[in-house]
């Protein structure tokens with residue numbers, strides 16, 4: 001009977017280690033989400049600035065081919081930045097889904113952990 005209790009305690013310790021690993025992954029994922037959110041904000045700000053500059057150039061550059069070439073380059077950069085922004089938004093959404101999934105798994109694991117703790121407590125009481 002003592003061996004069974006020892007095995008149960010060892011299994012509980014292994015489960016706790018597993019839960020700690022999942023919690024660490026969740027934390028890392030949340031940190032990654034924050035970083036990506038900051039990147040999205042920075043890119044959005046850059047896009048707004050580029051759009052403003054682009055609009056100003058359009059107003060001022062009805063004459064002169066140099067300005068038209070520069071304007072085309074800015075549009076190209078804006079399109080690239082928009083593509084980057086959309087990619088970051090997609091990555092951010094995926095990370096949010098991953099965090100939600102990790103939180104759901106974490107919740108399930110916490111529930112299992114509580115059940116195991118209750119079981120461990122009753123085993124401890126039986127030992128006394």
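Every number here is computed from the coordinates shown, using simple stated rules; none is lab data. Computed from a predicted model, the values in this text were never measured in an experiment. For neighbour counting, all protein chains shown are included, and Cβ atoms are generated from backbone atoms with ideal geometry for every residue, glycine included.
Structure summary
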read-out	value
Gained length - residue 44 relative to residue 3, 0.36 nm times residue gap less alpha-carbon distance	8.7 nm
q = 0.09, 0.15, 0.18 Å⁻¹: log10 I(q)/I(0) that the Debye formula gives for the chain, counting C-alpha atoms only	-0.51, -0.82, -0.96
GNM top mover of 12, 66, 30 - the chain, alpha-carbon springs below 10 Å	66
Label-point separation, residue 52 to residue 73 (7 Å along Cα→Cβ), nm	2.2 nm
Distance in nm between pseudo-label sites at residue 32 and residue 94 (7 Å out along the Cβ direction from Cα)	0.9 nm
